[in-house]
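Down below is the structure, laid out as structure tokens.
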């Protein structure tokens, strides 16, 4: 099947027509004529320059090779996190949009809640929650896995960290979906305003009485000896909330989709339970979800390409996973890869996701329990097909499964 990438006529004067491709990162499947968004990115890469420009969402560059993606992740002096979102956010996401040296002290306010000790405690909670969710699902013989399980587990654990009512999870998940997936800046900003309105009374109460939860720790924390200004703290609270409600759900759903289709792989995990823990990084590499951006901080020539200060560059992390120079036959899941730890599914450098260890624990518990209690399952052919979406966080957003009761 050939790829259809239309060269756009509208482009800045310094960008040659040969580097222009019409690629909407929210819908890569349209550019590649490939329904699987992960494979769509591979197809786009195979039929494009290593670095190309797309006019979508105001125009931006796209890096398609592992070396360049790693460079942009690590080199904050030329590629700033300030422009991490395409289209740009109306208000900043803190600490995500901060660069060193200020980024480190702000991020340190979150670190205690993702320590090995806390993750171990949350793993025990994850087992309880997973057991309860499967108890509810199992007798039904079917479910939309995304809504019935994948979106429930991470938010319940996060709400425990933040000491917020578990009953509020649907409201918060709906806002998170808008904030992460909606291309409209105004709607994304409105979702942020609503989450801050939701937190207003919580913040007021916990400023006066410090607890041991994540929100209290942030409110009473200091950076270089000073509390964060209120506007910065509000942005940080919103980012932490949204960051905790979406990514793990998409990762777990994408892995479940693969296991529903690939029975051989599923059997391998069931017959060798030790692979569930040791193979997590290979599963995460193959289902790399994030399409993060950076802002170019200076006019420069990068690998023969003229780039201008203020332009953005998109980094589809899945293309790092599919780079043959790093991961031969990268579309395949191979638990014997020797270099799998070099994947960038959770970012890298100072901006590596602080919740990566918790994501690992949640995924491990899900696989251990689901494969034991619902060992035989498949995509339900009587329902509409699974939905796999592109965007800032790619993944399966609808997954009808069935099994015999």
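Brief remarks on what is shown
- Using distinct alpha-carbon pairs, which all enter the 1/r mean, Kirkwood radius of segment 251-356 in Å: 15.7
- Residue order, fewest to most beta carbons within 10 Å, for 212, 177, 264: 264, 212, 177
- Sorting 51, 318, 388 by the number of Cβ atoms found within 10 Å of their own Cβ, with the fewest placed first, yields 51, 388, 318.
- The slack between residue 196 and residue 338, meaning 0.36 nm per residue of separation minus the straight C-alpha distance, is 46.7 nm.
- Ranked for footprinting exposure by Cβ neighbours inside 10 Å, fewest first, 320, 84 give 84, 320.
- Equivalent ellipsoid of segment 147-279: semi-axes from √(5λ) of the C-alpha gyration tensor, largest first, are 34, 18, 13 Å.
- Estimated distance in nm for a label pair at residue 74 and residue 18, the labels positioned 7 Å out from Cα along Cα-to-Cβ: 2.9
- Estimated 222 nm signal from helices in the chain, with DSSP H stretches of n ≥ 4 weighted -39500 (n - 2.57), rounded to 500: -13500 deg cm²/dmol
- For segment 294-361: span of alpha carbons on each principal axis (Å, largest first): 42, 28, 15
- Extent along the principal axes, Cα only, for segment 46-87: 29, 24, 12 Å, with the longest axis given first.
Just so you know, all these numbers are worked out from the coordinates, no wet-lab data involved. Just so we're clear, the structure is a prediction, and the values are computed from it rather than from any experiment. Counting neighbours? That spans all protein chains shown, and the Cβs are built from the backbone with ideal geometry, glycine included.
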